[in-house]
Amino acid sequence: MIAIGARPWSRVTSELFRDYAKRCGATFILQTEEPSDEDFPLPALPDSPGRAHKRVYALKAFLPWRLLAIEGYDRVLVVDDSCCVKHDAPNVFDFIEPGAVGLTETSHAHAELSFKEIRKYLKARGEPEIPYTPEHYMNSGVMLYTRGMADAISPERILAAREMLFAAYPHQTLTYYLLNSAKVPLTILPKAFNRLPASTLPAGEWADMTDATPYLSDDDDTYIYHVTGAFKRRDVLIPSLALHLLAKTDPERAQALAATMPPPTSAAPAPVERPGIARRIARKLRSLVG
């Protein structure tokens, strides 16, 4: 799990995945610091265009490479710290073959935005085209890597393609290019391994929610809930969801962790619209008359 920066909810989500790793016979690693510039010499990149913290997005490819190629792990599951795994989730490592990458499908509209950036990149360099398959475009909050494909995400390849990090979806664009240009076999994991909480609701109803637990039902077949940036109050929603799931197996630990969580921040006030010129003139005239 990668949790770099101010990510207080990772205190709870990491406990869920620590337990899950134990059930899967895996080693849990919580990455809270960036590697040194010597280990990963990615030059400083401006926040704009695209998103800020581009180096952290690149680490989502570099860190699994290091675990596979340098530290000798056979398989590596990389999850965002905004993911919450259920206690009865099956072993995700059983879903992958050696040499492949496991991923979950996401928005085809997002895929087309990334494909546009990749096409532009390849054309500028005279490189051959790669397959553009929306069904193979991933949400990279949950990614499963195996040792046989590690060369595809090597630091050299990441650095050479760092321009991809300026895309609207930086890691997804970079990763799609790296995997497909290296012809890595792709395994489409069940969507249950990467699904929004309350995903059956219209977007307008869940974007502002602070508690998803009322929408969790016994027949919900989700294994991993992913609270993406589309949720505006993740600082409240993620801890409440993670603590709810942890309490099902260890209520005492959930209660102790709840006591350590910082209070939620106040919702940002709506911006005040500057009055139009006509209103400003009328206001000035009223002040002169008064």
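The value of relative contact order for the chain, using C-alpha pairs under 8 Å at least six residues apart, is 22 percent.
Along the range 236-244 the Karplus relation, 6.51 cos²θ - 1.76 cosθ + 1.60 evaluated at θ = phi - 60°, assigns HN-Hα couplings of 9, 5, 5, x, 5, 5, 5, 5, 4 Hz to successive residues, with x for each Gly and Pro. Here the chain is scanned for trypsin sites (Lys or Arg not before Pro) in DSSP loops (not H, G, I, E, B) that have at most 12 other Cβ atoms within 10 Å, and the longest stretch holding none of them is 1-182.
Each residue of the range 114-124 was assigned a 3J(HN,Hα) from its phi angle through the Karplus curve 6.51 cos²θ - 1.76 cosθ + 1.60 (θ = phi - 60°); the sequence is 5, 4, 4, 5, 5, 4, 4, 5, 5, 5, 5 Hz, with glycine and proline shown as x. Rounded to 0.05, the FRET efficiency of the Ala207 and Phe95 pair, given R0 = 45 Å and the Cβ-Cβ distance, is 0.90.
The label point for Thr187 and the one for Glu163, both projected 7 Å from the Cα toward the Cβ, are 3.4 nm apart. Size descriptors for the range 31-136, from the alpha-carbon set: Rg then Dmax equal 16.6, 48 Å.
Contour minus end-to-end for Ser107 and Lys232, with contour as 0.36 nm per residue of separation and end-to-end as the Cα-Cα distance?
On the way: separation 125, 0.36 × 125 = 45.00 nm, distance 1.91 nm.
Value of the extension gain: 43.1 nm.
Return the inverse of the average 1/r over all pairs of distinct C-alpha atoms in the chain, which is the Kirkwood hydrodynamic radius, in Å to one decimal. Show your work: numbers first, answer last.
Numbers: mean 1/r = 0.0480 Å⁻¹.
For the chain, inverting the mean 1/r across all distinct Cα pairs yields 20.8 Å.
Annotation for the range 64-137: GluC sites (Glu not before Pro) lying in DSSP loop with at most 12 further Cβ atoms inside 10 Å of their Cβ are Glu71, Glu129.
For the pair the range 1-31 / the range 68-123, the C-alpha centres are spaced 17 Å from each other. Taking the DSSP bridge list for the chain and keeping only pairs wholly inside it, about 60 percent are antiparallel. Legend: calculated FRET efficiency, His136 to Ala259, from the Cβ-Cβ distance at R0 = 41 Å, rounded to 0.05, equals 0.40. Residues in the range 19-27 carry Karplus couplings, in order, of 5, 5, 4, 4, 5, 8, x, 10, 9 Hz; the curve used is 6.51 cos²θ - 1.76 cosθ + 1.60 with θ = phi - 60°, and Gly or Pro positions show x.
About its Cα centre, how strong a charge dipole does the chain have in debye, to the nearest 20, once Lys and Arg get +1 and Asp and Glu get -1 at the Cβ?
Numbers: 34 positive and 35 negative charges, 318 e Å.
Roughly 1520 debye for the chain.
Bear in mind that the values in this text are calculations on the coordinates, not laboratory data. All values reported here derive from a predicted model rather than from experimental measurement. FYI the Cβ positions are ideal-geometry reconstructions off the backbone, even for glycines, and counts take in every protein chain you see.
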